[in-house]
Each structure stands twice: as structure tokens, then as C-alpha cells.
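Notes follow the structure.
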Amino acid sequence: MSTSQREVRVRFAPSPTGPLHIGGVRTALYNYLFARQHGGKMILRIEDTDSQRFVPGAEDYINEALAWLGIEIDEGVREGGPYGPYKQSERRDIYREHVKMLLDSGKAYIAFDTPVELDAKRAEIANFQYDASTRMSMRNSLTMPVDEVARLIADGVQYVVRFRIDPGRDVAVDDLIRGRVTIKSDILDDKVLYKSADDLPTYHLANIVDDHLMKVSHVIRGEEWLPSAPLHVLLYEAFGWADTAPAFVHLPLLLKPDGKGKLSKRDGDRLGFPVFPLEWHDPKSGETSSGYRESGYLPQAVVNFLALLGWNPGDDTEVMSMDELISKFSLDHCSRAGAKFAYEKGKWFNHTYLQTMPDADLAELFKPVMKDNGVDPDDFSDEYITRAVGMVKSRINFVRDLWDNARFFFVAPTKYEPKAVKKRWSEEMPTIMTALANLLEGESNFDGAYLEPKVLGWIEQNGYHLGNVMNAFRLTVVGECKGPHMFDITDLMGREATVARIRAGVERIKPVE
Ligand code: GLU
């Protein structure tokens with residue numbers, strides 16, 4: 001069946017073995033964009049067949065992270081759907097039945113070799129691989145009498161089921177990004193599909209069976225799964241499902257921001273950026289890893305940033321909403337080459353999204369930061385906070401940066417930046433500033449458009465140095481010589497606060513030699 005006629009059904013299939021890595025988030029995002037663009041379905045399947053690696057809390061973490069980012073799931077453990085259950089540990093009967101199908105058709109066999117015996121073989125034969133060249137010298141249902149196999153199973157001896165791979169075949173994997181990749185079946189080993197010890201299938205079997213039963217049309221996943229693809233092709237064939245096998249899409253790796261190789265958690269620790277969407281508290285080690293959400297990123301910024309790591313819209317457009325990404329996304333513009341994890345760009349996206357947010361919304365996000373810094377937002381009007389935030393937002397990458405830039409709107413300076421004092425607070429400044437305070441005290445109109453020409457005219461009439469006086473003025477009000485336009489500040493703060501700060505400055509600032 002050609003993929004163009006087929007209903008698009010994709011799945012994100014994480015294993016709950018820890019927090020979802022940012023690369024996994026990108027995989028989920030590309031699946032979602034593709035599904036939405038084609039009016040298809042997005043499935044979330046929890047692949048928890050590796051009981052050894054199961055981590056409590058990981059599944060909730062996955063759900064919470066996807067919800068935070070706005071990646072909506074159509075069918076899944078929580079959402080339900082026509083092809084459930086969507087958690088592999090609840091599908092044992094299905095896998096058992098499918099293992100039996102392969103055993104019955106001779107495509108798989110039962111093997112009793114213990115780990116000790118396998119180790120002995122590895123010691124005996126260099127580069128030992130359980131395959132056509134060695135399987136007839138092992139302890140399995142191909143080499144043992146039928147009744148002995150039955151007896152061992154009846155006695156509860158543990159076994160695995162292995163996939164019987166025929167040598168001498170060319171196995172072609174058609175990947176929508178990479179084209180056709182062909183390998184020789186000889187290099188593959190007879191992979192374990194099922195383990196009686198925990199009555200669970202391995203990843204390969206469960207993954208294939210579920211993709212088939214859930215009618216998955218496209219398998220979009222990270223490049224690290226490409227080596228498994230030939231085996232998956234052979235499994236589809238063994239089940240007789242080759243005609244409806246999903247199309248493969250292996251996404252490029254995320255690479256270190258500097259140097260070569262795959263992005264790792266260590267790179268994040270080393271360079272100071274999160275590699276997880278949400279903060280993660282490891283239940284075993286007690287260690288906390290930082291997350292994009294807790295670090296102050298907006299979900300839209302993270303989505304936009306990730307979307308462009310491995311895909312481009314075909315032009316220079318960078319800022320795109322989820323809806324725009326959905327309409328522009330295309331596998332044709334996904335790259336084969338790994339994408340450098342340029343985390344600074346992530347900050348730029350956050351900055352950019354903060355600029356487009358209405359000031360009133362930004363003010364709401366800022367209120368908890370004010371509280372953290374000991375200022376009660378209720379002491380100020382919403383309008384005051386909103387205007388203050390609007391004046392400094394161009395300087396911030398994160399909401400928390402608003403504090404450093406806007407604190408003077410809420411707390412009068414008690415310290416004055418020494419370098420600025422040295423440069424601007426000359427001996428005559430207390431006198432000039434007192435005169436300025438007196439002038440402003442007599443003004444009832446603090447509208448910037450009125451006050452600015454008024455003050456500048458006064459400076460000129462008195463023959464003062466414009467830069468020195470304005471900087472000294474700023475020093476008394478702000479505490480340092482930077483910040484938004486001075487008459488925007490006074491416009492918002494009003495007469496009383498402005499005059500009080502100038503007078504306090506005159507009292508407190510001492511000239512530095
Ligand atoms: N459970 C695998 C993982 O953790 C799924 C790989 C796939 O998408 O086939 O990524």
C-alpha cells in the first residue's frame with residue numbers, strides 16, 4: 001500500500017527508563033508535526049518490557065513534559081484508543097501469541113543456553129555470534145529432540161526465543177530521509193525475541209508487533225535505532241506483514257554544541273544548559289537535573305528551537321508557532337547530518353518569544369519573581385508592574401532576568417554603583433541635584449513628553465554639562481548609570497518617588513576621589 005493512500009498514524013514510543021531526553025522530545029515533536037499536518041493520529045506507547053531498567057516516575061514525567069510543550073496525544077495509556085492497551089507490560093498475551101506464530105512457522109526457535117554457556121562460547125570462538133554459523137552447535141530446539149525441549153519447558157527451565165535469520169540475503173531498509181540502505185543478513189545475529197524468565201518480549205518483537213497492530217504508518221525515531229531497522233524489516237516479513245510495514249524515518253542525531261559526538265547530559269552540565277524538558281529528581285541517586293521549564297524557558301520557545309534542529313522550512317524563517325510548524329513541516333527538509341545543539345539559540349528564541357508576549361502577561365509571570373525577592377506585588381498596581389516590565393523586557397532572555405533590570409522600580413537604591421559615582425558625582429553635584437529636586441517638586445505634570453524638554457531646558461539655561469547632570473540624576477533614581485530612558489522612568493514613578501530618591505542620593509552618595 002502506498003503511504004500516500006494510507007491514514008497517517010505515528011507513535012512516540014519511549015521506554016520509561018528515566019527522564020525524557022531533549023532528543024526524545026524532538027522525536028516526539030516531529031511525530032506530532034507530521035501527524036497533525038496529515039490529519040493523522042499521534043500515539044503514545046509506553047515500551048516498558050525491560051523490567052530491569054524501569055524507573056518509577058518516568059512515565060508521569062513523559063506525560064507532563066509532552067503536555068507542557070503542547071504535544072497532544074490522540075491515543076495512549078491515558079487517552080485510550082481502539083488499539084490498546086498502550087503500555088507494553090499490559091500486552092503479554094498478545095506477544096505470547098505472536099511468539100508462538102513465529103515458532104509454529106519455524107521462523108523462530110527456543111534456546112536454552114545459559115549465560116555461563118554463552119560466555120564459554122564467546123571465550124572459545126572469537127567474535128562469537130549466535131547465528132546460522134553457530135546455532136547448530138548450541139542448545140536449542142533446532143539441535144535437541146522435541147520431547148527433551150518439551151520436558152525442559154515443563155520442568156520450568158528458563159529459555160529464550162530467538163529469531164532465525166537466514167544468511168546470504170540483502171536486507172533493504174527504505175528510509176524517507178536517508179533513502180535505501182542495504183545490508184547483508186549475515187551480519188545479523190539470531191536476536192532474542194522473548195524471555196521466559198520474565199514472560200516478556202524484547203524491544204524488537206514488541207515494537208514490531210505493536211506497530212503492526214496499532215496500524216502505524218510511519219516510524220519516526222532517532223538515528224540510534226537505524227541499526228535495528230534491518231531486523232525489523234525481516235520480522236515484518238516473517239510475520240507476513242511486509243506489505244503494510246510502516247515507512248521508516250530516522251532523524252539525525254543531536255550533536256554536542258562544541259566538538260564532535262552525540263549530545264550528552266555532561267555537555268549540559270559542562271556548558272550550563274538543561275538536556276531535559278522538566279526538572280528531574282532521580283529516585284535512586286536523589287540527584288536533581290535541571291529542566292527547560294524550571295530554567296525559565298517558555299514551551300513555545302523550546303518547541304521552535306527543537307523544530308529547527310534537523311529540519312528547516314526551506315527559507316530563512318526562524319520564528320514559527322506550533323501551527324506554522326505543522327503547516328510547514330516536511331520530511332524533505334529534514335537533514336541527514338547531525339544537528340549541533342546550539343543552546344545559545346534556545347536562549348535567543350526565549351528572548352524573542354518574551355518580546356511578543358503582552359506586557360500584562362509578562363507582569364503576571366514576574367510577580368512570583370518579585371515575591372522571591374521580598375517585594376509584595378500587591379503593593380503596586382498591575383499597570384505599574386506592567387509598564388515597568390515593558391520598559392526593560394528587551395534586555396532579558398528569561399523572566400527572572402526582569403528582576404535585575406526592573407528592581408529599581410520597586411525598591412529605592414541604597415547602594416550606588418561605585419564606578420558611576422566616581423565618574424559622575426563631582427563636588428558640585430549635591431547642589432545641582434538639590435536644585436533639580438526643588439524644580440521637580442514644583443512640577444505637577446510628570447508626563448515624559450512634558451518633563452523632558454523642561455529639565456533639558458533647565459540644564460542648558462544653567463550652563464550645566466548635560467551628560468554629567470543626567471547621569472547623576474539617573475544614579476540617584478536607579479542606583480547605576482543604565483536602564484530605560486530617564487523620562488520614561490520618571491513618568492512611571494511620579495513626582496514623589498523621584499524627588500525622594502534625588503534627595504536620598506544627595507544625602508548618601510559621597511564623592512569618590
Ligand atoms: N522504546 C524505544 C525508545 O526508547 C523506541 C524506539 C522506536 O521508536 O522504535 O526510544
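The values are calculated or read from the model by the stated rules, or taken from the named source; none is laboratory data. Since the model is a prediction, treat every value here as computed from it, not as a measurement. Because the Cβ atoms are built from the backbone with ideal geometry, glycine has one as well, and the counts that use them run over all protein chains shown. We work out accessible area using only protein heavy atoms, side chains counted, and drop any ligands, DNA or RNA first. Shrake-Rupley method; radii C 1.70, N 1.55, O 1.52, S 1.80 Å.
Just a few scattered comments:
- Considered as a group, the residues in region 291-320 that are in a helix (DSSP H, G or I) and aliphatic (A, V, I, L, M) include one that is surrounded by the fewest Cβ atoms within 10 Å (Cβ to Cβ), and that residue is Ala301.
- Filter pass, Asp186 being out of contact with any Ser or Thr (no Cβ under 7 Å at 6 or more places or on another chain), of a type outside the set (Ser, Thr, Tyr) and open to solvent by less than 40 Å² (accessible area, probe 1.4 Å): no
- Selection count, region 179-234, where residues are outside any helix (DSSP H, G or I) and of a type outside the set (Ser, Thr, Tyr): 25
- Residue check for Lys393: part of a helix (DSSP H, G or I), under 52 Å from the mean Cα position of the chain (by Cα), surrounded by 13 or more Cβ atoms within 10 Å (Cβ to Cβ) and charged (D, E, K, R): yes
- Any hit, region 178-194, residues being away from the ligand (no atom under 16 Å from the Cβ), farther than 24 Å from Gln88 by Cα and of a type in the set (Ser, Thr, Tyr): yes
- Residue in region 162-170 that is within 16 Å of the ligand (Cβ to nearest atom) and in contact (Cβ under 8 Å) with a residue 40 or more places away in the chain present: no
- Filtered residue count, region 38-67, keeping only those that are closer than 18 Å to Phe248 by Cβ and not small (Gly, Ala, Ser): 5
- Hey, Phe34 within 14 Å of the ligand (Cβ to nearest atom), open to solvent by 10 Å² or more (accessible area, probe 1.4 Å) and either over 19 Å from Met322 (Cβ atoms) or among the charged types (D, E, K, R) (or both) or not: no
- Residue match in region 85-92 (condition: within 16 Å of the ligand (Cβ to nearest atom), surrounded by 22 or more Cβ atoms within 10 Å (Cβ to Cβ), over 19 Å from Val275 (Cβ atoms) and among the aromatic types (Phe, Trp, Tyr)): yes
- The requirement of being in contact with a strand residue (DSSP E or B) (Cβ under 9 Å, 6 or more places away or on another chain), buried (at least 18 other Cβ atoms within 10 Å of the Cβ), of a type in the set (Gly, Ala, Ser) and under 22 Å from Pro201 (Cβ atoms) is satisfied by Ala13.
- Being open to solvent by 20 Å² or more (accessible area, probe 1.4 Å), at pLDDT below 95 and either out of contact with any strand residue (DSSP E or B) (no Cβ under 6 Å at 6 or more places or on another chain) or not in a loop (DSSP other than H, G, I, E, B) (or both) is a property that Val157 lacks.
- Scope region 352-364; condition in a helix (DSSP H, G or I) and open to solvent by 40 Å² or more (accessible area, probe 1.4 Å); matching residues: Gln355, Thr356, Asp359, Ala360, Asp361, Glu364
- Applying the criterion of being closer than 22 Å to Pro283 by Cβ and part of a loop (DSSP other than H, G, I, E, B) to the residues of region 37-62, the residue that is nearest to the ligand (Cβ to nearest atom) is Glu47.
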